[in-house]
Amino acid sequence: MKTNYRVVVIGGGVVGTSVLYHLAKTGWKDVCLIERNILTAGSSWHAAGGIHALNADPNIAALQAYTIDLLPEIERESGQSIGLHMTGGLTLAGTPDRWEWLQSAYRTFQSIGIDDCRLVTAKEAGELCPIMSTDGILGGMWADREGYVDTTGTVHAYAGAAKKHGAEIIEHNRVLELHQIKDGWEVVTEKGTIRTEHVVNAAGLWAKQVGRMAGIELPVSPLNHHYLISDTIPKLEALDFEVPMTVDLEGFTYMRQDQKGILLGIYEVNHEHWMMDGAPWEYGFELQQEDTDRIERELTLGFERYPVLQEVGVKTWVNGAFTFAPDGNPLVGPVRGKPGYWCACGVMAGFLQGGGVGKSLAEWMIHGEPEADVYGMDIARFGPFAENKQFIKETTGQFYTRRFVMTYPNEQLPAGRPLKMAPAYSDMTAAGCQWGASWGLEVPLYFAPTENFEEIPTLKRSNAFEIVAQECKAVRDAVGLLDISGFSRFEVSGAGAEAWLDTIMASNLPKPGRAKLAPMLAPDGRLKGDLTVFNWGDGTWWIMGSYYLREWHMRWFQDHMAEDVAVKDISDATVGFSLSGPNSRKVLEKLTDGPIGDLKFMGCGSFDIGLIRAKVGRLSVCGELGYEIHCSAAEHITLRKTLLAAGVELGMREIGFNALLSLRLEKSFGIWNAEFTQGYTAGQTGMDRWIAWDKSGFVGRDAAIAQRDGNGPAQVIRTLEVEADDADASGFEPIWKDDKLVGFVTSGGYGHTVGKSLAMAMIDSDLATNGNDFTVHVVGQPRTARIIADSPYDPTGSAMRA
Ligand SMILES: Cc1cc2nc3c(=O)[nH]c(=O)nc-3n(C[C@H](O)[C@H](O)[C@H](O)COP(=O)(O)OP(=O)(O)OC[C@H]3O[C@@H](n4cnc5c(N)ncnc54)[C@H](O)[C@@H]3O)c2cc1C
């Protein structure tokens, strides 16, 4: 062991060894991995080793696909067998909704280029897996590249390949302490102290403690998980092929062949957390006692699905722990305020996702950014609120229990809620507000007209459709009031504020008393934000964006900080409401004697609104005359009452974000995580229209210019009209031209004013002309879709500028 390395990876499980391999392979040779015990001594040794393609997040599914491709390569590079059994895999649907979802998921897979799947009937499924009862099965999805690996062999293959690329592995050496020093970290280990530029927390079951060594409270917890391995099954012995890796979603089980028996894994509805503060240091190759009472229901379902289990005994029980983040996705990336500290933990399915995690993290460390959009596993998708132990317990438990339970796009889950509420929450609830959650904050979805209204979970249009239609109508005809506490607000001040903003934003900055849409770019020209910058004219500036990106944006701001600038996140202290619709100015005129009528589109300033000294911006996401009115949290209740009282004679209706999402679609206004992501360039998305090309020195300028002057993007965003009747596109549906995949939906919904099902989509540039017809799969069904001119509602923008 040396005393200096460029990187110290802590943890020799499948994730740590994959990170090490990717770092060494990508070119950083001076890297080591430190393991407390021997390689595999955490969750990795006792995993079931299953690999399957399905994941609800297409970006994570793509990283899983990468891992599956990588497995034979590490075997070849290392010379270490990984015991790969590519048996193929089946995912079963046991209810009509699940079958519909699976057909839809199959199309999503096609969108992201995973084309080795096909839908199968229940009968075919039974033929592919002859030890299975097909009772209650409505259909399934077959994937060629699913199966299982030998877990110990796989970890050693990553490790062996890493060593061949020059990396070092030190076993039997626990990391005891971490100290942040100038330009890096001091890593105190049992065998001595190391100085390093970067540390990677890949400590799996011990990730919590290795976080705390650096003062970081990670939103992660271990939970217990059972599988059994059966004795030899005569019916399997008689087969001349291996049965496929089979996931029975309604049965809460997964199954694979294990020699001539089967391994049956159980997702336990009655979940059990284990050592929430991290595993004991002496824990290693032990397991927990099996608890068959706790999993009795799922076991019964498993034994019914595989009746052969009733004929043989159980050879082995495994009840081991592995870690979960609140949403079940990994926690990867740099930690704000801790330069050189990287996370690669909370990986629930390390054999399936470890390759993608290692690749992304290595790219991030070496090149500054990962190649793919990995927001879904970025640690910055959580914030301080997620450090709370009860929050972690409720959300990880909910995820685990529901791992195989179908979640509908319009379903609101209860764990960890309500946590953060804007002050008018109770009043709004009394007015019928139905809530969703964004980054721990309750945000209004719509206002139900009756007290006991319940939205029925569905993949199609829900029973809230008509309510949202009425809210949209109120905005277009009169005025809608929306609680906009669920936007982020950053206050930028100091002598260097303007120069700093000018560097990180690709647009020109607004003049005093003005606001401006501002793309923020990474050095490679891809998007880092679709923000709005306000110049309040008194030396303070605001940046407004998506509430759930607060930590993610703050990390970017801090990483690109300059002298004499203070950036303060004021999102919880400053809240507000927006008014949208032709009567919105009349509402404000009743409440202020300030020159509100003189405030031009994209203007901003301070006004007395009733009793409140408010900051007001004239903006509209709905495409109407609109105002955003900001106040302190303490004034939120008063502001709402004041606006409602003034609006009563002007047709005001309180609305939620569901209406906003429909209205913005009618204007072809993109939103983050749909039309705008860190995977796209400004040119692809149309955000380039706000780039100040003649401005020098902003982040991403050279790349953006090269992209502008190149051959143009391969795909661009367009608006589509979809011939759909009972369901709308939502995102990642494939778009076909003559059976060729030519794009995918970025977001969709119903345009209540224009009376059309609409979608925005990324489409091959050479086909992206108005009037061009395509086929798009909506909830698995083919529909005709046509490119229409942008902004089907009020294309000239006259309402907005009125
Ligand atoms: C019963 C069961 C079945 C599973 N089945 C599957 C499956 O089919 N497919 C799948 O993909 N996944 C499966 N998993 C999950 C899989 O096991 C984990 O996702 C994976 O092992 C996580 O790997 P890791 O490297 O993050 O963590 P770990 O394997 O826990 O490795 C962490 C390592 O860090 C070391 N370490 C910790 N602290 C320190 C320190 N201070 N100093 C030095 N070293 C330290 C530990 O000794 C350990 O070796 C299963 C898990 C269980 C429990």
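The sole residue among ALA430, ALA422 that is more than 16 Å from the ligand (Cβ to nearest atom), without any contact (Cβ under 8 Å) to a residue 60 or more places away in the chain and among the hydrophobic types (A, V, I, L, M, F, W, C) is ALA430.
If we keep just the residues of region 34-62 that are open to solvent by 20 Å² or more (accessible area, probe 1.4 Å) and part of a helix (DSSP H, G or I), which is nearest to the ligand (Cβ to nearest atom)? Per the criteria, the residue is TRP45. Do you know which of the residues in region 360-369 that are at pLDDT 95 or above and in contact with an Asp or Glu (Cβ under 8 Å, 6 or more places away or on another chain) is nearest to the ligand (Cβ to nearest atom)? This residue is SER360.
Among all positions in region 703-716, there is no residue which is touching a Lys or Arg at 6+ places or on another chain (Cβ under 9 Å), farther than 19 Å from ASN772 by Cα and of a type in the set (Val, Ile, Thr). Figure legend. Inter-residue proximity from region 465-493: first residues more than 20 Å from GLY755 (Cα to Cα), second residues among the hydroxyl-bearing types (Ser, Thr, Tyr) and modelled with pLDDT under 95, beta-carbon distance below 9 Å, spacing 6+ or different chains. Indicated pairs: GLU491/THR540; VAL492/THR540; SER493/THR540.
With respect to ALA724, is the statement that it is assigned to a loop (DSSP other than H, G, I, E, B), over 19 Å from GLY113 (Cα atoms) and in contact with a strand residue (DSSP E or B) (Cβ under 6 Å, 6 or more places away or on another chain) true? Against the criterion (assigned to a loop (DSSP other than H, G, I, E, B), over 19 Å from GLY113 (Cα atoms) and in contact with a strand residue (DSSP E or B) (Cβ under 6 Å, 6 or more places away or on another chain)), ALA724 qualifies.
With respect to (1) part of a loop (DSSP other than H, G, I, E, B); (2) open to solvent by 20 Å² or more (accessible area, probe 1.4 Å); (3) away from the ligand (no atom under 16 Å from the Cβ), the lone exception for ILE114 is condition (2). Here PRO339 meets each of (1) closer than 20 Å to ARG550 by Cα; (2) open to solvent by 20 Å² or more (accessible area, probe 1.4 Å); (3) part of a strand (DSSP E or B) with one exception, condition (3). In region 604-628, the qualifying residues are those that are out of contact with any strand residue (DSSP E or B) (no Cβ under 7 Å at 6 or more places or on another chain) and part of a loop (DSSP other than H, G, I, E, B), and the one that is surrounded by the most Cβ atoms within 10 Å (Cβ to Cβ) is GLY623.
Residues in region 556-573 that are part of a loop (DSSP other than H, G, I, E, B), open to solvent by 70 Å² or more (accessible area, probe 1.4 Å) and more than 18 Å from LEU521 (Cα to Cα): GLU563, ASP564, ASP572. Take the residues in region 4-61 that are under 21 Å from SER221 (Cβ atoms) and polar (S, T, N, Q); name whichever of them is nearest to the chain's Cα centre (by Cα). Per the criteria, the residue is ASN55.
Taken as a whole, region 87-106 holds at least one residue that is in a loop (DSSP other than H, G, I, E, B), in contact with a Lys or Arg (Cβ under 9 Å, 6 or more places away or on another chain) and at pLDDT 95 or above. Being free of Cβ contacts under 8 Å to residues at least 24 places away in the same chain, within 16 Å of the ligand (Cβ to nearest atom) and surrounded by fewer than 18 Cβ atoms within 10 Å (Cβ to Cβ) holds for only one residue in GLU237, GLU186, GLU177, and it is GLU186.
Yes or no: GLY539 farther than 21 Å from ARG701 by Cβ and at pLDDT below 95? Spelling it out, GLY539 is indeed farther than 21 Å from ARG701 by Cβ and at pLDDT below 95. Taking the criterion of being assigned to a strand (DSSP E or B) and in contact with an Asp or Glu (Cβ under 8 Å, 6 or more places away or on another chain), the residues of region 703-717 that qualify are GLN715, ILE717. Part of a strand (DSSP E or B) and at pLDDT 95 or above: does that describe ALA759? When the stated conditions are applied, ALA759 passes them.
A residue that is away from the ligand (no atom under 13 Å from the Cβ) and either at pLDDT 95 or above or over 15 Å from ILE169 (Cβ atoms) (or both) can be found somewhere in region 14-22.
Among the residues of region 117-138, the ones that are under 30 Å from THR151 (Cβ atoms), aliphatic (A, V, I, L, M) and open to solvent by 10 Å² or more (accessible area, probe 1.4 Å) come to 3 in all. The residues in region 1-33 that are open to solvent by less than 30 Å² (accessible area, probe 1.4 Å), of a type outside the set (Gly, Ala, Ser) and in a loop (DSSP other than H, G, I, E, B) can be counted, and the count is 1.
Can you name the residue in region 133-148 that is more than 16 Å from LEU102 (Cβ to Cβ) and in contact with a helix residue (DSSP H, G or I) (Cβ under 6 Å, 6 or more places away or on another chain) and, of all such residues, is nearest to the ligand (Cβ to nearest atom)? Ranking the qualifying residues of region 133-148, first place goes to ARG145. Among the residues of region 72-80, is any surrounded by fewer than 18 Cβ atoms within 10 Å (Cβ to Cβ), within 30 Å of ALA729 (Cα to Cα) and not aliphatic (A, V, I, L, M)? No: region 72-80 contains no residue that is surrounded by fewer than 18 Cβ atoms within 10 Å (Cβ to Cβ), within 30 Å of ALA729 (Cα to Cα) and not aliphatic (A, V, I, L, M). Going through (1) of a type in the set (Val, Ile, Thr); (2) in contact with a strand residue (DSSP E or B) (Cβ under 7 Å, 6 or more places away or on another chain); (3) at pLDDT below 95 one by one, VAL335 falls short only on (3). Checking VAL347, VAL308, VAL332 one by one, the residue that is free of Cβ contacts under 8 Å to residues at least 60 places away in the same chain and either open to solvent by less than 30 Å² (accessible area, probe 1.4 Å) or within 11 Å of the ligand (Cβ to nearest atom) (or both) is VAL332 and no other.
Among the residues of region 397-419, those identified as more than 17 Å from LYS460 (Cβ to Cβ) and among the charged types (D, E, K, R) are ARG402, ARG403, ARG417. The set of residues in region 195-244 being in a strand (DSSP E or B), closer than 25 Å to LYS389 by Cβ and out of contact with any Lys or Arg (no Cβ under 8 Å at 6 or more places or on another chain) consists of VAL199, VAL200, ASN201, PRO222, LEU223, ASN224, HIS225, HIS226. Criterion applied to LEU223, LEU301 was being more than 15 Å from the ligand (Cβ to nearest atom), at pLDDT 95 or above and either closer than 29 Å to ARG98 by Cα or open to solvent by 10 Å² or more (accessible area, probe 1.4 Å) (or both), and the one residue passing it is LEU301.
Residue by residue, here is whether (1) without any contact (Cβ under 8 Å) to a residue 24 or more places away in the chain; (2) more than 26 Å from THR796 (Cα to Cα); (3) buried (at least 22 other Cβ atoms within 10 Å of the Cβ) holds:
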| site | (1), (2), (3) |
| --- | --- |
| SER668 | no, no, no |
| VAL716 | no, no, no |
| PHE732 | no, yes, yes |
| LYS737 | no, yes, no |
| LYS740 | yes, yes, no |
| HIS752 | no, no, yes |
| MET760 | no, no, yes |
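Between PHE534, PHE601, the distinction of being in a loop (DSSP other than H, G, I, E, B) and of a type outside the set (A, V, I, L, M) belongs to PHE601 only.
The values are calculated or read from the model by the stated rules, or taken from the named source; none is laboratory data. This is a predicted model, so every value here is computed, not measured. In this analysis, Cβ positions are derived from the backbone assuming ideal geometry, glycine residues included, and neighbour counts consider all displayed protein chains. Ligands, DNA and RNA are stripped out before the accessible areas are found, and what is left, the full protein with its side chains, is counted by its heavy atoms. Shrake-Rupley method; radii C 1.70, N 1.55, O 1.52, S 1.80 Å.
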